[in-house]
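Structure first, then comments.
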Amino acid sequence: MFTHSDGTVTDETLMEAVRKGDLAKLGILFERHHRALFDFLVRMTGNASTAEDLVQDVFVRVLKYRGTWRGEGRFDTWLFRIARNARADYFRTRPPDAPIDEAAEHPSGAPLPGDLLVRNRDVARLQRALMLLREDKRELIVLARYRGMKLDAIADLLGIEVGAVKVRIHRAVKELRDIFLRLNESPSWKTTNSVGSCPTT
């Protein structure tokens with residue numbers, strides 16, 4: 001059994017136990033990773049309800065395909081590969097989600113102090129800009145900047161070289177910044193291209 005320096009059992013050891021039939025260990029993996037998966041999926045889809053459904057689907061797939069786990073590489077990379085496939089399958093049979101609504105950040109509709117209001121609008125604008133990015137570019141930014149995934153892990157996940165990851169992230173961030181600034185100039189811009197129909201470059 002492999003453990004971390006703090007004595008906790010590694011994800012890889014837990015998944016190996018799941019593969020061998022100790023399905024109770026899947027609950028530990030769920031507790032460790034469901035928040036990270038939700039964060040990734042909600043930023044990729046722009047919809048919390050969809051993200052919650054997909055998180056459940058991902059762990060159903062982990063259980064269903066546990067026999068494909070070979071203990072090679074990191075568990076979280078394998079898990080996010082399943083999450084990417086689950087998201088792709090989901091949108092093959094469903095229309096894109098509705099655009100993110102600025103008001104969704106504060107559903108009560110209560111007025112906000114000036115500085116907080118500005119910050120809230122900037123967050124909402126950044127999320128809209130993110131949803132306007134082409135899906136592959138959005139994914140890179142979410143993995144690198146929001147999830148803090150290391151470049152070599154992203155390269156392994158996407159099946160490309162680390163150098164290519166660096167270049168693509170740089171280009172994606174530049175495009176995100178350009179879109180964000182255009183949204184600042186045109187607040188009425190709608191995220192009609194939220195999933196699957198983002199403009200190509």
* **Residue tally, condition over 16 Å from Leu37 (Cα atoms) and not in a loop (DSSP other than H, G, I, E, B), over the stretch 142-171** => 15
* Asked: What are the residue pairs meeting all of these: first residue in the stretch 11-24, first residue without any contact (Cβ under 8 Å) to a residue 12 or more places away in the chain, second residue surrounded by 11 or more Cβ atoms within 10 Å (Cβ to Cβ) and not aliphatic (A, V, I, L, M), Cβ atoms under 6 Å, and 6 or more apart or on different chains?
  -> Ala17/Lys25
* **Asp122 vs. criteria at pLDDT below 90, among the charged types (D, E, K, R), in a helix (DSSP H, G or I) and farther than 15 Å from Met44 by Cα** => yes
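Between Asp22, Asp53, Asp89, which is more than 19 Å from Ala153 (Cα to Cα), more than 18 Å from the chain's Cα centre (by Cα) and surrounded by fewer than 19 Cβ atoms within 10 Å (Cβ to Cβ)?
Asp22 is the lone residue from the list that is more than 19 Å from Ala153 (Cα to Cα), more than 18 Å from the chain's Cα centre (by Cα) and surrounded by fewer than 19 Cβ atoms within 10 Å (Cβ to Cβ).
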* Is one or more of the residues making up the stretch 39-46 in contact (Cβ under 8 Å) with a residue 12 or more places away in the chain and farther than 17 Å from Leu130 by Cβ? -> no
* Asked: Mind checking which residues of the stretch 61-81 are at pLDDT below 95 and β-branched (Val, Ile, Thr)?
  -> Thr68, Thr77
* Structure fact -> In the set Arg35, Arg70, Arg61, Arg43, the lone residue that is charged (D, E, K, R), closer than 16 Å to Glu12 by Cβ and either in a helix (DSSP H, G or I) or more than 11 Å from the chain's Cα centre (by Cα) (or both) is Arg70
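The values are calculated or read from the model by the stated rules, or taken from the named source; none is laboratory data. None of the values given here were measured: they were computed from a predicted structure. Cβ coordinates were reconstructed from backbone atoms using ideal geometry, including for glycine residues, and neighbour counts include every protein chain displayed.
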